[in-house]
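What follows is one structure encoded as structure tokens, with my remarks underneath.
The values are calculated or read from the model by the stated rules, or taken from the named source; none is laboratory data. Keep in mind it's a predicted model, so treat the numbers as computed, not measured. For neighbour counting, all protein chains shown are included, and Cβ atoms are generated from backbone atoms with ideal geometry for every residue, glycine included. We work out accessible area using only protein heavy atoms, side chains counted, and drop any ligands, DNA or RNA first. Shrake-Rupley method; radii C 1.70, N 1.55, O 1.52, S 1.80 Å.
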Amino acid sequence: MDFLKKNYMGVIVCFTIAVPSWLLGKRFPVVGGAVIAIILGMIIALFWNDKGKAADGIKFTSKIILQAAVVLLGFGMNLSVVLQTGKQSLPIIICTISTSLILSWILHKVMNIKGNTATLIGVGSSICGGSAIAATAPVIDADDDEVAQAISVIFFFNVLAALLFPSLGKLIGFDITTGEAFGIFAGTAVNDTSSVTAAASTWDSMWNLGSQTLDKAVTVKLTRTLAIIPITLVLAYMRAKEAKKDGSTTNGFSFRRAFPMFIVFFVLASIITTLCLEMGVPSDIFIPLKELSKFFIIMAMAAIGLNSNVIKLIKSGGKPILLGGCCWGGITVVSLVMQHVMGIW
């Protein structure tokens, strides 16, 4: 009862922002509901400084509901299909992820960008945009301003990719009789699922390919999503070791700290989904859970927007945007080079 009394007000506020954001995200998928929610939250925060009784619920939404969203994301993972596709795309995925993480680490040092911001942009660029940021933020104890900064940067390059990549694919000579090459390109080089879908669907429409490109791109994207697991575990382990070294924890290394339980539940959800589909359970049964995951992420982004300082973000936005651009450019080049080396185009 005390839990409800403490949190209900803030959760309701976030839910109220999330509903129109979710509907608008359906209408404008290139932008997406998460970005709309975080922008609305930031605008409201400009005029609502004292959150009062809503403060605890907003914090709960930005942390716990965000973790619940990642767990539910696992119900969209058919590991059998992902692993089958991974045989072809895995080398490209490993190289693009490595490129983004290495670039973000180097530029974090060179440009003196906050470590958490650089990590979130690097992970968001290389794995799966907002979902990867959602999974990584609680592991590295990123604050709401850092999450908002990363989401904003990822969104900017998502839109660019969705608009430019179909023309780029035509310019460099992708096969227009099949969606395989462009599907792999979109699945490995575009950050967020909404923009992957937009770019792949555009290619299908341009060359009357039905849903060939879209099917390939989404499956490759799901394969990338699995990288959330090792990346978050490594980051959690590094965080725990740093805390022990700095003497900021009296308990030393913590198994629970190094292996966040919500990631374990994400894996279990993926396994449950795979086993059910193998036994003939229709995939439509998991659609409500996947939609709930997306809605929870939108709620969490609304909470993060409410706790963000938009003026501060604008003033400090130059370096993170440059970092995001370098990661995006690096991933794009590596994806194209790897496909060419492997004879895909």
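Taking the Cα centre of the chain as origin and assigning +1 to Lys and Arg Cβ atoms and -1 to Asp and Glu Cβ atoms, the resulting dipole is close to 680 debye. Once whole DSSP H runs in the chain are found, which of them have Cα atoms spread over 18 Å or more along the helix axis and a mean Kyte-Doolittle score of at least 1.0? Within the chain the helices that satisfy the rule are 33-47, 79-110, 144-172, 261-278, 287-306, 318-341.
I need the Debye-formula profile for segment 75-204: one equal scatterer per C-alpha, no solvent, reported as log10 I(q)/I(0) at q = 0.14, 0.22 1/Å, two decimals. Scattering profile of segment 75-204, log10 relative to I(0): -0.67, -1.32. Across the chain, C-alpha contacts under 8 Å between residues 6 or more apart give a mean separation that, scaled by the residue count, equals a relative contact order of 34 percent.
Across segment 1-111, the mean sequence separation of Cα contacts (distance under 8 Å, 6 or more residues apart), normalised by length, yields a relative contact order of 29 percent. For the pair ILE272 and LEU160, label points projected 7 Å from Cα toward Cβ lie 4.0 nm apart.
If Rh is defined by the Kirkwood formula over all Cα pairs and Rg also comes from Cα, what ratio Rg/Rh do you get for segment 1-47?
1.11
With contacts taken as Cα pairs under 8 Å and at least 6 residues apart, segment 172-230 reaches a relative contact order of 41 percent.
Grab the Cα-Cα distance for LEU83 and THR177, subtract it from 0.36 nm times how many residues apart they are, and report the gain in nm with one decimal. Can you show the working numbers first?
On the way: separation 94, 0.36 × 94 = 33.84 nm, distance 2.54 nm.
Here the segment from LEU83 to THR177 would lengthen by 31.3 nm.
Per residue, the accessible area of the chain comes to 46 Å² when a 1.4 Å probe rolls over the protein heavy atoms. Segment SER205..ILE12, full-extension length gain: 65.4 nm, with 0.36 nm per residue of separation and the alpha-carbon distance subtracted. Pairs exceeding a 23 Å alpha-carbon distance, out of LYS109/LYS245; LYS170/LYS216; LYS109/LYS312; LYS109/LYS241; LYS51/LYS244: LYS51/LYS244.
For the chain, with the dipole built from +1 on Lys and Arg beta-carbon atoms and -1 on Asp and Glu ones, taken about the Cα centre, which of PRO282, VAL267, ALA181 lies farthest toward the positive end? Most positive-ward Cα: VAL267. Grab the beta carbon distance between GLU291 and ILE44, set R0 = 25 Å, and tell me the FRET efficiency rounded to 0.05. Efficiency, from the Cβ-Cβ distance: 0.50. For the pair LYS26 and LEU233, label points projected 7 Å from Cα toward Cβ lie 3.7 nm apart. Dipole check for segment 44-161: with +1 at the C-beta of Lys and Arg, -1 at the C-beta of Asp and Glu, and the Cα centre as origin, the magnitude is about 220 Debye.
For the pair VAL264 and LYS241, a Förster radius of 25 Å applied to the C-beta separation gives a FRET efficiency near 0.80, rounded to the nearest 0.05.
One chain, two ends: VAL19 and ASP141. Fully extended at 0.36 nm per residue, the span grows by 41.2 nm beyond their Cα-Cα distance.
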